[in-house]
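The values are calculated or read from the model by the stated rules, or taken from the named source; none is laboratory data. As the structure is a computational prediction, the values presented were derived from the model and not from experiment. Using ideal geometry, Cβ is built from the backbone for each residue, glycine included, and neighbour counts are taken over all protein chains shown. Remember, those area values only see protein heavy atoms, side chains included, never the ligands or the DNA or RNA. Shrake-Rupley method; radii C 1.70, N 1.55, O 1.52, S 1.80 Å.
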Amino acid sequence: MSEPQKKITVIEGKPVYDYRAFYRKEGRAKYISHLDLYRTVQRAFQRAKLPVWYTLGFNPHVYLTYALPLALGYEGVRESFDFRLTEDIPAEEVTRRLNEVMPEGIVILELLPPARKADDIERADYTLEFSMKGVSPEELKAQFDRFTAGEVIETVKHSKKGPKAINLKPALLRCVSKETSRGILLSLTLPAGNRENINPTLLVDAFGKSVGTEPDYRNIRRDRIICGDGSDFR
Amino acid sequence: MLKEKLEPLLLKVQKPIRYVGGEYNSIVKDKAAVKTRMALCFPDNYEIGMSHLGLKILYSLINAREDCWAERVYAPWPDMEALMRENQIPLYGLESLDPLTEFDFIGFSLQYELSYTNILNMLDLAGLDPIAANRKNDDPIVFAGGPCAMNGEPLCDFIDCFQLGEGEEIMLEMIDLYQKHRASGKWDKKAFLREAAQIPGMYVPSLYEVSYHQDGTIAAITPKDGAPEKITKRIIKDFDKVFYPETFIVPYTEVVHDRAVLEVMRGCIRGCRFCQAGFIYRPVRAKSPDTLCRQGKALCDSTGYEEMSLASLSTSDHPQVEEMLDKIIDYTQEAHINLSLPSLRVDNFSGELLEKVSRVRKSGLTFAPEAGTQRLRDVINKGVTEEEIMRTSKIAFEGGYTSVKLYFMLGLPFETMEDVLGITALGQRVVDLYYSLPSKPKGKGVNVGISVATFVPKPFTPFQWAAQNTYDEIVEKQSALTHSVTTRKISLAWHEVRTSVLEGVIARGDRRLGKAIWNAWKMGCKFDSWEEFFDFDKWKQAIADAGLTMEFYASRERSADEIMPWDHIDVGVSKAFLRREYERASRAEVTPNCREKCAGCGANRLAEGGVCRV
Ligand code: SF4
């Protein structure tokens, strides 16, 4: 396999090296909020003594962007963030140095030059397991399937602009349920990205409200981030 | 491992990250490979507990021993507590997620009195009986340390033993003794505690009997089973060589103090008469500039922190303050670390250092005159003069500053209405100063923020005999203050007075208050230092139900010969010295600081060779 092309930007006459880090977020690390994750990664850069690029201007800070933030409590198997280095250091070395100083549960898988834009992202695959107190897995699956079979799935989505009533039905691009020993396991594909982003817990919470019981989440995982043309976000 | 049971709850609470551990530099060991497990508890929430330097030191110190594993425990916020109780999840250590009942020791840091109900609540949440006498032989040893342990009497019902003074040595001695007792094969907690009482600085309250006079004052404090008559607090003699963490746990979420901290000094040479810390940490000891630089670099490298601060009671009094600041500023600038400096007395600094310091200092302009008139500042022995405030403010205003913060206390002993009104008068003179300057910032007004705390008399201070102002007295003084402000340039602020009243009751409390703390907790009191949870009526009831009154503890002047509940504790500073200081206060006589002239406080007995190195 050949080394992918480097992406180099020239800023104020100096080359900076653009990277997209793909990482796994699992275990206790899934409770790191998006805001906290920014600080966490920034400190990891500091510990690794990597020459990261700082933004220009009055209040310089480490340049770090996330194409698709991961909600609190979700694991991710191939998430990404973009950053820049001011020196040309081999990707393998950067990966190694970062992993040496990452907290438990965050593992950098590889570094690549950014290929796609965040706006290209259209949907994502999720796996989610939950249970409900006093409801058997069998009963739970039956109830859930009935809930998703309806013509409309009304719920309220809270955003910065305030609460908004939406219909989730058209967002269920794929929804498969399966019983487990303690609840049900869902495999879902939902709209994701800057235009429309639907988290799977929104669906399950709506279901919870419809039956009057709070779901007990066991595992929520984003498995794949997909672009409009069906290819993986790279 | 409670992971399975915890998981479904975590998305139902605010900030689940508080409850899962796993932070960078947190230490996970194999529990089968350690002999002793220690839970280091802070009886407040994660954000506050994670900011506490003392616990960071002890965490690293204990974990440096291969045979021990120390973990952190904080008070779960009420939303999490409710879910834990509902789902039978006991309080657990953040590193292992194991219940506290599996630990050998449960230690609490006592930083403020209003955290005490959280101690009972945490023990209960751990499935332990908060009452020490009811706990079983095999239950963990519950101990406590920190400044409030100097008068731990109100907690005697709940705590097996107190570590008095600095913990770096006594902690390890306590663990050694425990391991010896455990290794003997026949574990007897009582026998362990009896022997622990022989460790200098270890106070085992069950080995002391307290009797009372008819009027409620103490008649005698009698040791038994060979416990020492006086328990002398511990200090680290060679402070430059004392253990200091090479690294801190780096929290994910923002905590109150989220930065590298250097402990530059312990103790203080000043002797402000209201300040408990100024007396209980004597004698003063400092770290050398080189040690500090080395420790600062190690911390920043291993944490990735880009911010550093200095911890001490009065950094300006460091014996080599200029060399220290010079070196630390050089290091932090070179390493792109933001240094936050406290307000410094810069009078003697060289021009070059002054310039360096002013480049670092971005924080606002603050002064703590504590009292409104020079007479009252002499009463409290606070060496801030009006001239100093005016001089520094002038320089700052000319340099572009437009706001000043002034900190005061209300209810100080020997305070008159003139002193009270002196607070706003001083504020007014700062306002006037601003407008008198031709070179003031153009087109901008000035803001003088006056923050007024309520004075609470504390044990081991010259004011330990004094009556605390009652609630009504304070409110009257506050209203006089409010009415004396005639300009919008001055803003006044204060906290809830009732919490100070309660703090005053507990701070100088005796053992009988344990019942009141128990009653309050039973009525649902917790997080008492948080205004949204503080319930004064419940506390009133709790104290009355215990057959006690607030007035007896808070607003009563003690006589010179009264036995204080903490008289069997020796913090170095003698009672005779404190009394002398109280009498000098009554005459508004200042006492020079340790460097100018030793006042003979008695703390030198604790220092190497019996001599203070100020
Ligand atoms: S003995 Fe003297 S020098 Fe030492 S702390 Fe006391 S007053 Fe200060």
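Data overview
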quantity: Scope segment B:288-332; condition within 18 Å of B:Ile57 (Cβ to Cβ) and in contact with a Leu (Cβ under 8 Å, 6 or more places away or on another chain); matching residues; calculated: B:Leu292, B:Gln295, B:Gly296, B:Leu299, B:Tyr305, B:Met308, B:Ser309, B:Leu310, B:Ala311
quantity: Cross-chain or 6+ apart pairs with Cβ under 7 Å, segment B:599-614 first and free of Cβ contacts under 8 Å to residues at least 40 places away in the same chain and away from every other protein chain (no Cβ under 14 Å), then more than 6 Å from the ligand (Cβ to nearest atom) and open to solvent by 30 Å² or more (accessible area, probe 1.4 Å); calculated: B:Gly602/B:Ser574
quantity: Candidate set: segment B:301-319, residues that are among the polar types (S, T, N, Q) and more than 14 Å from chain A (Cβ to nearest Cβ); chosen: the one farthest from the ligand (Cβ to nearest atom); calculated: B:Ser309
quantity: Test: residue in segment B:398-407 that is open to solvent by less than 60 Å² (accessible area, probe 1.4 Å) and charged (D, E, K, R); calculated: no
quantity: All positions within segment A:182-196 that are in a loop (DSSP other than H, G, I, E, B) and not polar (S, T, N, Q); calculated: A:Arg182, A:Gly183, A:Ala192, A:Gly193, A:Arg195, A:Glu196
quantity: Subset tally (residues that are more than 16 Å from the ligand (Cβ to nearest atom), among the hydroxyl-bearing types (Ser, Thr, Tyr) and open to solvent by 10 Å² or more (accessible area, probe 1.4 Å)) for segment B:229-274; calculated: 3
quantity: Matching residues in segment A:146-168 - criterion: being out of contact with any helix residue (DSSP H, G or I) (no Cβ under 7 Å at 6 or more places or on another chain), part of a helix (DSSP H, G or I) and either surrounded by 15 or more Cβ atoms within 10 Å (Cβ to Cβ) or at positive phi (or both); calculated: A:Thr148
quantity: Answer from B:Gly21, B:Gly49 - the residue that is open to solvent by less than 40 Å² (accessible area, probe 1.4 Å), of a type in the set (Gly, Ala, Ser) and at the interface with another protein chain (Cβ under 8 Å from one of its Cβ atoms); calculated: B:Gly21
quantity: Any chance B:Tyr281 is touching a Phe, Trp or Tyr at 6+ places or on another chain (Cβ under 9 Å) and either within 14 Å of chain A (Cβ to nearest Cβ) or under 23 Å from B:Leu172 (Cα atoms) (or both); calculated: no
quantity: Scope segment A:82-96; condition buried (at least 18 other Cβ atoms within 10 Å of the Cβ) and more than 23 Å from the chain's Cα centre (by Cα); matching residues; calculated: A:Leu85
quantity: Answer from A:Ala149, A:Ala171, A:Ala165 - the residue that is modelled with pLDDT under 95, more than 17 Å from the chain's Cα centre (by Cα), within 27 Å of A:Phe81 (Cβ to Cβ) and not assigned by TED's automatic domain parsing to the domain that holds A:Gly105; calculated: A:Ala171
quantity: Filter pass, A:Phe45 being in contact with a Lys or Arg (Cβ under 9 Å, 6 or more places away or on another chain) and crowded, with 18+ Cβ neighbours inside 10 Å; calculated: no
quantity: Restricting segment A:194-214 to residues that are of a type outside the set (A, V, I, L, M) and open to solvent by less than 10 Å² (accessible area, probe 1.4 Å), the residue that is farthest from the other protein chains (Cβ to nearest Cβ); calculated: A:Phe207
quantity: Lone qualifier among B:Lys12, B:Lys56, B:Lys3, B:Lys31 - being within 24 Å of B:Thr117 (Cα to Cα) and either within 14 Å of chain A (Cβ to nearest Cβ) or open to solvent by 20 Å² or more (accessible area, probe 1.4 Å) (or both); calculated: B:Lys56
quantity: Qualifying helices (runs of 4 or more DSSP H) (wholly inside segment B:1-91; at least 3 residues being charged (D, E, K, R)); calculated: B:3-10, B:78-86
quantity: Residue list for segment A:16-57, restricted to those being hydroxyl-bearing (Ser, Thr, Tyr) and touching a helix residue (DSSP H, G or I) at 6+ places or on another chain (Cβ under 6 Å); calculated: A:Tyr31
quantity: Residue match in segment B:543-564 (condition: away from the ligand (no atom under 14 Å from the Cβ), open to solvent by 50 Å² or more (accessible area, probe 1.4 Å), β-branched (Val, Ile, Thr) and at negative phi); calculated: yes
quantity: Residue check, A:Gly208 farther than 25 Å from A:Glu79 by Cβ, in contact (Cβ under 8 Å) with a residue 60 or more places away in the chain and not in a strand (DSSP E or B); calculated: yes
quantity: Count of residues meeting criterion [within 13 Å of the ligand (Cβ to nearest atom), within 18 Å of B:Arg558 (Cα to Cα) and among the aliphatic types (A, V, I, L, M)] in segment B:573-614; calculated: 2
quantity: Scan of segment B:276-300 for residues that are farther than 21 Å from B:Ile380 by Cβ, small (Gly, Ala, Ser) and either within 11 Å of the ligand (Cβ to nearest atom) or not in a helix (DSSP H, G or I) (or both), ordered by number; calculated: B:Ala286, B:Ser288
quantity: Flag for B:Tyr407 being touching a Ser or Thr at 6+ places or on another chain (Cβ under 7 Å), over 20 Å from B:Ala588 (Cα atoms) and of a type outside the set (Lys, Arg); calculated: yes
quantity: Enumerated strands (runs of 3 or more DSSP E) restricted to segment B:352-458, each holding at least 2 residues that are within 21 Å of B:His483 (Cβ to Cβ); calculated: B:403-410, B:447-454
quantity: Enumeration of residues in segment B:306-328 that are more than 23 Å from B:Glu352 (Cα to Cα) and either crowded, with 22+ Cβ neighbours inside 10 Å or in contact with a His (Cβ under 8 Å, 6 or more places away or on another chain) (or both); calculated: B:Glu306, B:Ser312
quantity: Exclusive hit being surrounded by fewer than 21 Cβ atoms within 10 Å (Cβ to Cβ), over 14 Å from A:Tyr17 (Cα atoms) and under 14 Å from the mean Cα position of the chain (by Cα), set A:Glu79, A:Glu75, A:Glu110, A:Glu100; calculated: A:Glu75
quantity: Strands (runs of 3 or more DSSP E) wholly inside segment A:1-120 that include at least 1 residues being in contact (Cβ under 8 Å) with a residue 60 or more places away in the chain and either within 30 Å of A:Pro215 (Cβ to Cβ) or within 14 Å of chain B (Cβ to nearest Cβ) (or both); calculated: A:14-25, A:75-85, A:106-112
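Residue-by-condition table, conditions (1) on the phi < 0 side of the Ramachandran plot; (2) within 14 Å of another protein chain (Cβ to nearest Cβ); (3) of a type outside the set (Val, Ile, Thr); (4) in contact with a strand residue (DSSP E or B) (Cβ under 8 Å, 6 or more places away or on another chain):
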position: B:Pro251; (1), (2), (3), (4): yes, yes, yes, no
position: B:Ala260; (1), (2), (3), (4): yes, yes, yes, yes
position: B:Gly267; (1), (2), (3), (4): no, no, yes, yes
position: B:Cys272; (1), (2), (3), (4): yes, no, yes, yes
